[in-house]
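The values are calculated or read from the model by the stated rules, or taken from the named source; none is laboratory data. What you are looking at is a predicted structure, and each value in this text was computed from that prediction instead of being measured. Note: ideal-geometry Cβ built from the backbone for every residue, glycine included; neighbour counts use all protein chains shown. Just the protein is used for accessible areas: all its heavy atoms, side chains included, with ligands, DNA and RNA removed. Shrake-Rupley method; radii C 1.70, N 1.55, O 1.52, S 1.80 Å.
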Amino acid sequence: GVFNVSDLLLDRHDLLADWQAQTGSAGTLPERADSSGFRGMTTDRLAALGWQPGGTQLLRASLREMAGISPPRA
């Protein structure tokens with residue numbers, strides 16, 4: 001089957017703000033979208049297949065990887 005899922009509600013404003021923080025790029029961020037109509041979806045079938053959410057931590061690690069930035073040292 002095909003699945004389309006996210007484990008977090010991510011606004012373009014927040015994504016671009018994280019990108020700026022990771023890369024040091026500048027620019028005007030777009031306004032946040034109205035999320036009042038958001039309806040979450042169930043992920044039970046995906047979880048049964050072994051899917052686990054990564055949340056903001058995985059998102060930021062993925063952004064660093066896309067930008068070619070080494071992960072921070074522990």
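Placing unit charges on the Cβ atoms only, positive for Lys and Arg and negative for Asp and Glu, gives the chain a dipole magnitude near 180 debye about its Cα centre.
If you roll a 1.4 angstrom probe over the protein chains with everything in place, what fraction of the accessible area of the chain belongs to carbon and sulfur, to the nearest %?
On the way: 3140 of 6220 Å².
That share works out to 50 percent.
Helix 12-23: angle to the longest alpha-carbon principal axis of the chain, degrees 0 to 90, nearest 10? Tilt relative to the chain: about 50 degrees. Keeping all protein chains in place, calculate the accessible area per residue for the chain (probe 1.4 angstrom), answer in Å². Here the residues of the chain average 84 Å² of exposed surface.
When the chain is treated as a GNM with alpha-carbon contacts under 10 Å, the residue of Ser25, Ser36, Ser62 showing the greatest mean-square fluctuation is Ser36. Each 5 Å bin from zero holds the following percent of Cα-Cα pairs in the chain: 3, 13, 19, 19, 18, 14, 10, 3, 0. The Cβ shell under 15 Å around Pro30 holds other residues with a net charge of -3, Lys and Arg each +1, Asp and Glu each -1. Just going by the charge dipole of the chain, with Lys and Arg at +1 and Asp and Glu at -1 on Cβ, which of Trp51, Leu29, Ile69 is farthest out on the positive end? The one lying farthest along the dipole's positive direction is Ile69. Taking Cα atoms only, the orientation of helix 55-67 departs from the longest principal axis of the chain by about 50 degrees.
For the chain, adding -39500 (n - 2.57) for each run of n ≥ 4 DSSP H residues and dividing by the number of residues yields -12000 deg cm²/dmol at 222 nm.
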